[in-house]
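Chemist: My structure is below; once you've seen it, I'll send some questions.
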């Protein structure tokens, strides 16, 4: 960031030097890595003109994450803030995004099915997927392929369900600090053309801070029939009951030992549940063309105390959906392949916000109570043309029509539930209530996206790719209908982004690596202005370099290096609430320039392995005017695993090995100043398990 004093930590310099020597790979580190999300069918990485990073089940088994941030912080281009418990905020080729529609910038999916419906995302939706037992987690950085569709503006995360493999099972127990415990179960069986699998994990955490903690359960059932057609059916259910701890308030409060466990919101909680069911039905015609139909249903419900708002209201929200994804793929000529389909979705959603006692402009009783029905139809087509052995071109197009039908269950306007004004005060002499409810209305958004790609192979071990894309996200329902003060209608446009990236990938005898440079310009950015109105028309700019490299140092030592350098800045037409000066050209808050992850992996012998991990978070501004900042941090984690000859195993991991005082998240508000989610001190986790 240009306005910081020019200083580079030892870790920053180390990462830069390592990446200058060679850049890249991932836990899935070959150009020929098999992935799924790019075009809804298994595709080699070398045939994708995009930045895709995948971590497999072996890596997830080694990490044994308590929170998904432990995995995502090891992926280039991803910036992740853990909230309390299982809460999170995320950015891919972006700052950590906040606000009602921030979750619309990244599509979160399970097996290609978004975990939440179009228009009904939630910033914490990652806890609604079973990442702990996934067979793979794939991250697309930058606008997702046109085959993703809605909400893949900055990227996409696809969690692949546990593998249906050979008959057998596993059971393990995790133990950790503040009464943490987790039970993990998995079992597969095969009978002729049928395969069955069940996976479950249930965790309980007493919480590092006072009056905090969570209980969480995740369940996956799967069945696959393999005959003339293949039918893979997955049922997924999650449940979370969390006692939530709020922010620590005050400059550098996360360094104050007397405050670190203080919970200023002991009554805060979050209860959330979700279920999803989908069947992927696929086959081939005699001509060699392939087809796929994926019907699905989903249902989500959430209730939580909004401890971060005056009056601490309670929000209840949820939605139910039915949908269908379709795909047809064939070769038009020997060199030209095409993929086409249509996605459909119908959703019935609701939101209620209530407050027990009123004061000032915050009335008691119901503040919002509305239903929203949504309909989505989205056709797409992608062409892949290979005119020569060394060159491949792709063109993708998608059209999306999203309709909302909003029904207000209360009196319109910004009054109390009974139509009366709020209590006048020195700050609110008119008695105007804070929250405003639009009258019943319908809104529709039609958008088109395009993606152009080129891949050139220098030889079988190195290639360059170029990806040019235009993507979008429609406003979320809460941005349109959850208004404040005197705004009666939110006249919003879809956010749009233009993206260009160029990357180089290569593999050698003892290393694989890649480097990617990108430029993105986002228009019609939606934000809450100085009068608390939801408006669009803002602009932001995003540029960066991403590196990952995997080195086989010896037969038993491996070094994995990941680093990202990014510059995210405000453009014109943005004047957020509480900001009275121009911020055009300022760094966006919570946008560190340099992030990195270095892992040294040691296969001690056939039974023992160890891993040392170094995680770097650069300093970043915590407000739009760039007058307040967080200094960043460096963390070290140590992991060890023993696998016996009799199919039982033992694992131990120490997070924050050097007991660094740090903040999982830092920000600043005009109401309270600096505030933080505190990072936990050095912690030991132990796992004991067996396979059968």
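Chemist: Does segment 218-314 come out rounded, prolate or oblate, given a ≥ b ≥ c as the square roots of the eigenvalues of its C-alpha gyration tensor, rounded meaning a/c under 1.5 and, failing that, prolate meaning a/b above b/c? All intermediate terms of the calculation are to be shown ahead of the outcome.
Modeler: Working: a/c = 4.00, a/b = 3.21, b/c = 1.24.
It comes out prolate by the Cα gyration axes.
Chemist: For a Förster distance of 35 Å, can you work out the FRET efficiency between the beta-carbons of residue 171 and residue 557, rounded to the nearest 0.05? Please list the in-between numbers first.
Modeler: Numbers: r = 32 Å, r/R0 = 0.90.
The formula returns an efficiency of 0.65 here.
Chemist: Suppose a student asked you for the relative contact order of the chain, using Cα pairs under 8 Å spaced at least 6 residues apart; what percent would you report? List each step's numbers first, then the result.
Modeler: Numbers: 2042 pairs, mean separation 86.0, N = 692.
It rounds to 12 percent for the chain.
Chemist: Using Cβ contacts closer than 10 Å as the measure, can you line up 523, 552 from fewest to most? Don't jump to the answer; show the numbers that get you there.
Modeler: Working: 523 19, 552 16.
Going from least to most buried by this count: 552, 523.
Chemist: Hey, for a label at residue 612 modelled as a point 7 Å past Cα toward Cβ, could you say which residues of segment 561-585 have their backbone N under 15 Å away?
Modeler: 561
Chemist: Based on the Kirkwood radius over alpha-carbon pairs, what is the Stokes-Einstein translational diffusion coefficient of the chain at 20 °C with 1.002 mPa s viscosity, in µm²/s?
Modeler: Rounded to a whole number, D works out at 82 µm²/s.
Chemist: What is the order of 687, 580, 590, 423, fewest Cβ neighbours within 10 Å to most?
Modeler: Arranged by neighbour count, lowest to highest, 687, 580, 590, 423 become 580, 423, 687, 590.
Chemist: Ignoring everything except DSSP H segments at least 4 long, calculate the 222 nm mean residue ellipticity for the chain; use -39,500 (n - 2.57) per segment, divide by total residues, nearest 500.
Modeler: Calculated from helices alone, the mean residue ellipticity at 222 nm is -1000 deg cm²/dmol.
Chemist: To continue, here is another question. What FRET efficiency do you get for residue 491 and residue 646 if R0 is 60 Å and r is their Cβ-Cβ distance, rounded to the nearest 0.05? Don't skip to the end; give the middle numbers.
Modeler: Numbers: r = 67 Å, r/R0 = 1.12.
That pair, residue 491 with residue 646, gives E of 0.35.
Chemist: Also, I was wondering about something else. When 240, 401 are ordered from fewest to most other Cβ atoms inside 10 Å of their Cβ, what list results? Intermediate values should be presented prior to the final figure.
Modeler: On the way: 240 22, 401 14.
If I rank by nearby Cβ atoms, fewest first, I get 401, 240.
Chemist: Let me ask something else. Taking the alpha-carbon centroid of each part, what is the distance from segment 395-421 to segment 59-129 in angstrom?
Modeler: 26
Chemist: Quick check: pseudo-label points 7 Å beyond the Cα along Cα→Cβ at residue 531 and residue 672, how many nm apart are they?
Modeler: Taking the two extended label points, one gets 2.9 nm.
Chemist: Shifting gears a bit: Starting from the 7 Å offset along Cα-to-Cβ, what nm value, one decimal, do you get for the label separation of residue 191 and residue 448?
Modeler: Going by the 7 Å Cα→Cβ label model, 5.2 nm.
Throughout, read-outs are computed from the coordinates displayed, never taken from laboratory work. Only a predicted model underlies this, so the values are computations on that prediction, with no experimental measurement involved. Heads up, the Cβs are rebuilt from the backbone with ideal geometry, glycines too, and the neighbour counts pull from every protein chain shown.
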